[in-house]
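The values are calculated or read from the model by the stated rules, or taken from the named source; none is laboratory data. Predicted model, so just to flag it, every value in this text is computed and none were measured. A quick note on method: Cβ atoms are made from the backbone with ideal geometry, for glycine too, and the neighbour counts reach across all protein chains shown. Ligands, DNA and RNA are excluded from the accessible area calculation, which covers all protein heavy atoms including side chains. Shrake-Rupley method; radii C 1.70, N 1.55, O 1.52, S 1.80 Å.
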Amino acid sequence: MADDILTLDDLRKWSVPGTALAVLGHPIHHSVSPPMHNAALAEMAAESPAFSDWRYYRFEVPPDQLETALKLLHRKRFRGVNLTVPHKVIAFDLIKTIDPSARSVGAVNTLRWHPDGYEGFNTDGYGLVQGLREDLRTDLSGADVILLGAGGAGRGAAIESIAQACHSLSIGNRTRQRAEELRTLLWQIDPAAKVRVFDPGSPPSDLPEDALVINATSAGLKPTDPQPINLSALPGTPRVFDMIYNPAETALLGSARSRGFAFANGFSMLVYQGARSLEIWSDTRVPVKAMFRGARQGMASN
Ligand code: NAP
């Protein structure tokens, strides 16, 4: 059952004993969260019987069913819920208690059961910081960040960059207005933040040298997608982080490789945001190595 794609009908009939966790998305078939979390839960159960009946399931839930699904999940006492595309922002308005990690981002990816309703968190920022450390040996702190994208992931990355005291933040988004709205939000958080907006289609020549480029757009998911920026237009030797992990090497990362730039995809970020979610639900340290192993197996069988 943990491998099945479940629906709202399965949830209505839910009578599976034990402690259930779930991810909701639309589409959800590509999600590697179930094998990633269940690998960790198996290891945690071997250490402590408290986790022996914990299981992680996936539900295909279109946006118009999200509110009903969240009410049912709460009634059926699902201890934890992850939200993925396209639910992170929609769910924000349905959750009463929002942790500071999610409030400024305006999006939740993790919900924790409470008798009065779910509490909302956002672990993507933590995942990004850990992914950058693990794969690029770098921090947002002090970096000149060139951020591509101003959607949910872009907002999270921008707010994390400011929270970690990056040196400067240059935001390029296909729809310029969204990047400008994001800059306004960032200046509300930190009026002194060094933030600029640029057109990623024709990057200005005075972008910072040796920047940390973060792709938080979905451009690269499909082979026909345009590259979110032309790396040859950037000065110095940028390091390039693409949040996309499937495909493992987007055209942007291929371009970084051919130029000899350091680069990494979003696989470690995925694992660390998941590890933080599991910590929130279980209130214990979680086996991150098992999560890497489970996620790799999930990717291989996708
Ligand atoms: P989203 O809210 O839908 O935002 C999509 C962003 O991509 C927007 O900035 C959009 O620009 C831009 N975009 C879409 N198609 C484009 C194109 N053809 N050319 C240029 N820009 C384009 O999605 P999201 O939740 O932010 O997710 C963005 C990406 O991050 C996805 O690929 C997602 O899988 C990835 N992600 C990875 C992790 C991880 O753990 N590794 C976590 C979160 C997200 P406009 O504003 O112009 O539409």
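Comparison of Leu231, Leu270, Leu278, Leu253 shows that the only residue that is more than 22 Å from Arg296 (Cα to Cα) and at pLDDT 95 or above is Leu231. Of all the residues in the range 205-238, those that are of a type outside the set (S, T, N, Q), in contact with a Ser or Thr (Cβ under 9 Å, 6 or more places away or on another chain) and closer than 20 Å to Cys166 by Cα number 8. When restricted to residues that are among the hydrophobic types (A, V, I, L, M, F, W, C), crowded, with 23+ Cβ neighbours inside 10 Å and not in a helix (DSSP H, G or I), the range 144-165 contains 5. Taken together, the criteria place Ala192 among residues that are open to solvent by 70 Å² or more (accessible area, probe 1.4 Å) and either out of contact with any Asp or Glu (no Cβ under 9 Å at 6 or more places or on another chain) or over 25 Å from Asn82 (Cβ atoms) (or both). Screening the candidates Leu132, Leu128 for the property of being buried (at least 19 other Cβ atoms within 10 Å of the Cβ) and within 10 Å of the ligand (Cβ to nearest atom) yields one hit, Leu128. State whether the residues of the range 226-234 include one that is free of Cβ contacts under 8 Å to residues at least 24 places away in the same chain and within 12 Å of the ligand (Cβ to nearest atom). The answer is yes; a qualifying residue exists. Taken over the range 246-255, the criterion of being out of contact with any Leu (no Cβ under 6 Å at 6 or more places or on another chain) and either in a helix (DSSP H, G or I) or surrounded by fewer than 21 Cβ atoms within 10 Å (Cβ to Cβ) (or both) is satisfied by Asn246, Pro247, Ala248, Glu249, Ala251, Leu252, Leu253, Gly254.
When Ala300, Ala275, Ala262 are screened for being among the hydrophobic types (A, V, I, L, M, F, W, C), within 27 Å of Ala46 (Cβ to Cβ) and open to solvent by 20 Å² or more (accessible area, probe 1.4 Å), only Ala300 passes.
Listed here are the residues, each with its yes/no results for (1) among the polar types (S, T, N, Q); (2) assigned by TED's automatic domain parsing to the domain that holds Arg79; (3) surrounded by fewer than 17 Cβ atoms within 10 Å (Cβ to Cβ); (4) more than 17 Å from Gly127 (Cα to Cα).
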| residue | (1), (2), (3), (4) |
| --- | --- |
| Arg257 | no, no, yes, yes |
| Glu279 | no, yes, yes, no |
| Ser282 | yes, yes, no, yes |
| Phe292 | no, yes, no, no |
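Only strands (runs of 3 or more DSSP E) whose full extent lies in the range 21-115 are considered here, and the ones with at least 3 residues that are at pLDDT 95 or above, within 25 Å of Gly266 (Cβ to Cβ) and away from the ligand (no atom under 16 Å from the Cβ) are 54-60. In this structure, Asp242 does satisfy being buried (at least 19 other Cβ atoms within 10 Å of the Cβ), touching a Pro at 6+ places or on another chain (Cβ under 9 Å) and free of Cβ contacts under 8 Å to residues at least 40 places away in the same chain.
Does at least one position in the range 160-168 carry a residue that is under 16 Å from Ala107 (Cβ atoms) and within 13 Å of the ligand (Cβ to nearest atom)? Yes. Going through (1) more than 22 Å from Val105 (Cβ to Cβ); (2) open to solvent by less than 70 Å² (accessible area, probe 1.4 Å) one by one, Ile171 falls short only on (1).
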